[in-house]
1. Taking 8 Å as the Cα distance limit and 6 or more residues as the minimum spacing, I'd like the relative contact order of the chain as a percentage.
2. In debye, nearest 20, what is the charge dipole magnitude of the chain about its Cα centre with +1 on Lys and Arg Cβ and -1 on Asp and Glu Cβ, if you could check?
3. Can you tell which of G185, L159, Q201 lies farthest toward the positive end of the dipole of the chain, using +1 and -1 charges on the Cβ of basic and acidic side chains (Lys, Arg; Asp, Glu)?
4. Separation between the A224 and L91 pseudo-spin-labels, each 7 Å from Cα along Cα→Cβ, expressed in nm?
5. If the cut-off is 19 Å between C-alpha atoms, which lysines fall inside it for K161, apart from same-chain ones fewer than 8 positions away?
6. Would you check the accessible area of V27, probe 1.4 Å, heavy atoms only, in square angstrom rounded to 10?
7. Might you report the magnitude of the Cβ-based charge dipole of the range 118-207 about its Cα centre, with Lys and Arg at +1 and Asp and Glu at -1, to the nearest 20 debye?
8. Among E138, E126, E182, which one shows the biggest mean-square fluctuation in a GNM of the chain, springs joining Cα atoms closer than 10 Å?
Amino acid sequence: MQKVLLVDDEQRMLDLVSLYLKPHQYVCTKALGPFEALNYLEKESYDLVLLDVMMPEMDGWELCREIRKFSDVPIIMLTAREQKEDIVKGLNLGADDYVTKPFNEEELLARMAALLRRSRPENSIEVDGLLWDEDRFELSFNGHSIRLTPKEFQMLGQLLKNPDKVFSREQLIQLVWGFDSETEGRTIDSHVRNVREKIRQAGFPIDQHFLTVWGIGYKWSNEAMD
């Protein structure tokens, strides 16, 4: 699930865009005007902002400038005007893309998907909002950090990089602790319990993905299992 902040001064437009996006696994927050949008952005993290240009209290260009003072969240401007200078102005202020209203639903979805792909960190894996970022050595769910120990992080990474592959306890020990380690299998079990509990507390349905294969070991499934 990707979290999207919708910003417009018309409730009807917020409802319409939200209706478009909901079947495509986007979780939408509706901000009625620029000040409500800033309030949301200061309290939560989002994967993408869809920002209307023409708003009376503060237009989209000015709001984009304000957002860029504290956030690098990807921004798509929604504009009813096609003038080249308006588009260039928005891009120069920090917007990442634009869509002209009335917009085509398929075009909007394609531009959002492309921007999210470009903005995703390298060496990272994302499953339904759970993001494992190897470069930053960070795990998060819907933008909220989950603190793992280095060994827990590495063990989870091995599973995420090889979905549906079953790892025995001995294999995980060799991959995470090294071939010469005297670590025992019950240490793996303890780490698995800790990882599951930390991620579960964050709200991610970890028990549907991080699976025990009885008599063998553990595996990760990208498809949620009942």
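1. 13
2. 460
3. Towards the positive end, the residue furthest out is G185.
4. Distance between the two pseudo-spin positions: 3.9 nm.
5. K151, K219
6. Here the residue's solvent-accessible area equals roughly 70 Å².
7. Working: 13 positive and 16 negative charges, 48 e Å.
For the range 118-207, the charge dipole is close to 220 debye.
8. E182
The values are calculated or read from the model by the stated rules, or taken from the named source; none is laboratory data. Since we're looking at a predicted model, the values are computed, not measured. Quick reminder, even Gly has a Cβ in these numbers, built from the backbone with ideal geometry, and neighbours come from all protein chains shown. Accessible surface is based on the protein model in full, side chains and every heavy atom, while ligands, DNA and RNA are left aside. Shrake-Rupley method; radii C 1.70, N 1.55, O 1.52, S 1.80 Å.
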